[in-house]
Each structure stands twice: as C-alpha cells, then as structure tokens.
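The values are calculated or read from the model by the stated rules, or taken from the named source; none is laboratory data. Note that this is a predicted model, so its numbers are computed, not measured. Glycine gets a Cβ as well: all are built from the backbone with ideal geometry, and neighbour counts include every protein chain shown.
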Amino acid sequence: MNKIFAIAGLAIRTAVRSRVFIWLMILLVSAIIVLPLILKGDGSAAGRAQVLIHYNLRIIAIILTLATVWVACGSVSTEIRDRHIHLLVTKPVSRLQLWLGKWFGILCINAALLSIGGGLTYGLLLWETREGVLTEEDRATLAEEVFVARRPFYAETKSHDSIATETLEALMVRGDIPENMPAQRAYKTIKRFYQLRENSVLPGTVKEWRFELPMNMGPDEDVILRYRFSSSRQAQRRSTAGMWTAGRKNDLAPFRHRHASYPGGAHQFTVPRAAIPDDGVLYVKYMNAETKYPATVVFDGNSAVTILANSGSFSMNFLRAMLVLFIRLAFFASLGVTAGSLLSMPVAVFLSFFVLSLSSFGDYIASVASTGLFYIPHHPEHVEPTTFLNTIAQSFFKCMNVVSSPLARLDPLESLPSGLLISWAFIAESILFLLIIYAGLSAVLGVGCFNRREVAL
C-alpha cells in the first residue's frame, strides 16, 4: 500500500505543479458564481433553487468529468511517451500498483475539487434562501418541494402483454397487418395503444390508482401527490379542471382536491395523513371535470402519478448526491487510466470520450435499441435491405444500451432538485455497476494488457 500511496502522491504533486488543480478550482468557482447570475428559473423561489442546484452541480460534474478523462488518459501515456516511466518500471513496483496509484491520485484530486464545488453550491443555496430574503410563504414552499428528501411510490400497473398478443394474432389471421411490417413492431404498436387507452380519461369519466404505502407512517406525516399529464387540447394551452379523491377503497367521505391544471408541467398537492388507511393501501381517483373546453386527459407512464413520502433531510440527500457523483468520476478515472495504459494519448482520449458520450445519449440509444433506427417503406421491393440494415443497427444499439443504461440511470441530479430521495440502495447500485463491475473490468483489462506492454521501446 505504501507504494500505491507514493505513486498517488506523485500524481497529485504533478497535477499541482502543472497547475491543473489550480485552474480547475478557478474554473469551478467561476462557474458557480456566474451561472446563478445568468439563469433565473421560472421566477419563483422554488424554481430558482432548483435551477441553482441542477445547473451548478451539472456544470461541476461536466467540468470534473472532462478533466478526469483528460488527466487520467495522460497519467500513463504521457509518461510512456516522455520515457519518465523508466524510472518506475526499474524499481520493485508492479504494473498493478502503478495503475492503482495513478487512479487513487486522481480520486484524491476529484474528492478535493468536488468538495469545494459542492460546498460552495450548498453555501450559495443557503445564502440565497436565508431568512429575511424570502417570505415565509416562499420558505415554506421550498421546504415542501426542494429542501426535502421524499421517497416515490408508484401505482400498480396493469400488464397488456396477453391482450396485445391476442390482438396481434387476430389481426394476422384477418390479414390486417401489412406484409412489410415486422411482427415485433406491430406487437409494440398494439401494446402501446392499449397502454394509452388505459391511461386516458375522457371528459366526465374517472380513473383509479392503487398505492401501497408504509404502514409505520407517523400521525403527522402527510404525503405529496405529484402528477403530470398531456391533453388532447395541449396545443391550445388551456387548463383542465379535475377532481382528485384519496382514501380507502369505496370510501364514502374521501379526501377531495379540485384543481384546474395546465398539461405538460408537474403539479402536486398535499394528501393529509388522515386520508391514508392504517394498512397503507391508498386509492387515488381522478375525474375529468372539464365542461367548458372538454378534452381527453392522458396520464402516460408509470411515474405520471406518484405519491411522495418524507424520508429524510435535504442535507443528507445532498451528501448522497455528491457521493454518487464521486463514484461516477471514479469510473471515468479508471477508464482513462486503462486507455492511457494501452494507447497513445490522442487515441486514449478519443476512446474515453466515446464511452462518456454514451451516458449523454442514453435515452436515444435506448429508443433505437427498442424500436429500430430506419423507416421501413411500404414497398415490398425495399423491405429486405431496409430490414437488414435496421436489424444490424438495432443489434449494435442494443449492445451499447447494455453499457450506457447504468450510466444514464445512475444520475443523482435527476432526483435532487425535485426533492426526491437518493436512497442508499441507489448508492449501492452505483457502487456495484460503476465501481465493482465497470471500474473492476477496466482495471483487469488495463493491468492485464499493461503487463504485456513493452514500455522501454
């Protein structure tokens, strides 16, 4: 371990001497100060706080990720290029110790810079929301929507697999499926139709959701019902009146909340603890009560209607978010050190940035992996080549989706600004995928190939 720490200390001193640490710190502080002056949010105190949290931490993560990849790729490749590594390989230091030392040194630099950036962001957030600057109403809204850690609970969903399969078989028997449409695409289209029909609420009709909440909730622990929807009149930007009820099954006197909401955005209201049954099974109903401008309301997706229960403080949630960001940086550091151990500096940087881009386009990759890339024209003579190209592209994107899915999913900045809990299970999943699996495989590949590489040529 002493050899690893010595190499790590050497990497840190090299970064400080090259002024990388100083310039990164200046860049981070400048971004944290300038961004709040440029971004204003929606004008509300909660919107201002959410913008500050999301964009400040996002720019910190981007700067540190890019710097980590660059420094990690050069930590070994430049020493091989400049022949400085000859001073190390002639000593009783294994390639594994060299790899770990470089990686650990970069982690120490990231820990210091992330602590500075996160601390400044948290301090700026407290300063801008301090008592005397905001009204009591604004501070109460912040405590309700942003400065909180709430665990989301989702309603039970109905499977449409069997009915979609039956419908597809019936349509194929009648010959109503185009010959040039693959069966898989037709099945997904039919299933999507049933999902939209299940989640649509016509004017004057009612939709019900069933939630299973913890039974050990305190007597004063109210919950939040958060929802978003689309409307058949969404382009006209008209509000839709709706009546929400919450309580037991067939409750004659449930909690009621009537509200006219605009489609597209997120809306929420408080459901009192008294409305939640002792067994934790809460039934929520929505009635489309719009009469002036009747429109169909669609609650699309499993998270369109969510129950949020208080599960901790914002400060601990903030620290957990910083920990997940550090874990992500640790993975990219391992990727860069491995690439730099195998390739020259330009090629290592190109390869690392390609993997980094996968996390930025995760949604697009997942979409292509599930639906395909190319449009299939309705002409029999064009079906075979287009379908072949689509199959090749879809297989390629499915492989990339396996790699990019954890990187895109394990992002704490999607939850923190909205007051959603970043659980210890989320952190454990980040450690499992990003540190143990991804960084571990990267280390095995890097050290294994590095042991076989002749560095004295």
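Brief remarks on what is shown
- In segment 288-308, residue nearest to LEU64 (Cα to Cα) [restricted to those that are surrounded by 18 or more Cβ atoms within 10 Å (Cβ to Cβ), of a type in the set (A, V, I, L, M) and in contact with a Pro (Cβ under 9 Å, 6 or more places away or on another chain)]: LEU308
- Matching residues in segment 196-229 - criterion: being surrounded by fewer than 16 Cβ atoms within 10 Å (Cβ to Cβ) and under 30 Å from the mean Cα position of the chain (by Cα): LEU196, ARG197, GLU198, GLU208, ARG210, GLU212, PRO214, MET215, ASN216, GLU221
Residue-by-condition table, conditions (1) within 15 Å of MET25 (Cβ to Cβ); (2) modelled with pLDDT under 90; (3) part of a helix (DSSP H, G or I):
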residue: TRP70; (1), (2), (3): no, yes, yes
residue: CYS73; (1), (2), (3): no, yes, yes
residue: ARG83; (1), (2), (3): no, yes, no
residue: GLN97; (1), (2), (3): no, yes, yes
residue: LEU107; (1), (2), (3): no, no, yes
residue: ALA111; (1), (2), (3): yes, no, yes
residue: LEU114; (1), (2), (3): yes, no, yes
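- Candidates VAL447, VAL402, filtered to the one that is at pLDDT below 90 and surrounded by 15 or more Cβ atoms within 10 Å (Cβ to Cβ): VAL447
- The residues of segment 155-171 that are part of a helix (DSSP H, G or I) and either modelled with pLDDT under 85 or of a type in the set (S, T, N, Q) (or both), listed by number, are SER162, THR165, THR167.
- Those residues of segment 98-146 which are surrounded by fewer than 18 Cβ atoms within 10 Å (Cβ to Cβ) and of a type in the set (Lys, Arg), in sequence order: ARG130, ARG139
- Annotation note: Cβ proximity below 6 Å between a residue of segment 63-77 that is touching a residue at least 24 places away in the same chain (Cβ under 8 Å) and within 14 Å of GLY340 (Cβ to Cβ) and a residue that is hydroxyl-bearing (Ser, Thr, Tyr) and assigned to a helix (DSSP H, G or I) (sequence gap 6+ or interchain) occurs for VAL69/SER352; CYS73/SER352; VAL76/SER341.
- Residue, farthest from ILE307 (Cα to Cα), within segment 184-212, restricted to residues that are in contact with a Leu (Cβ under 7 Å, 6 or more places away or on another chain) and in a helix (DSSP H, G or I): ALA186
- Hey, THR245 surrounded by 14 or more Cβ atoms within 10 Å (Cβ to Cβ) and either in a strand (DSSP E or B) or touching a strand residue (DSSP E or B) at 6+ places or on another chain (Cβ under 9 Å) (or both) or not: yes
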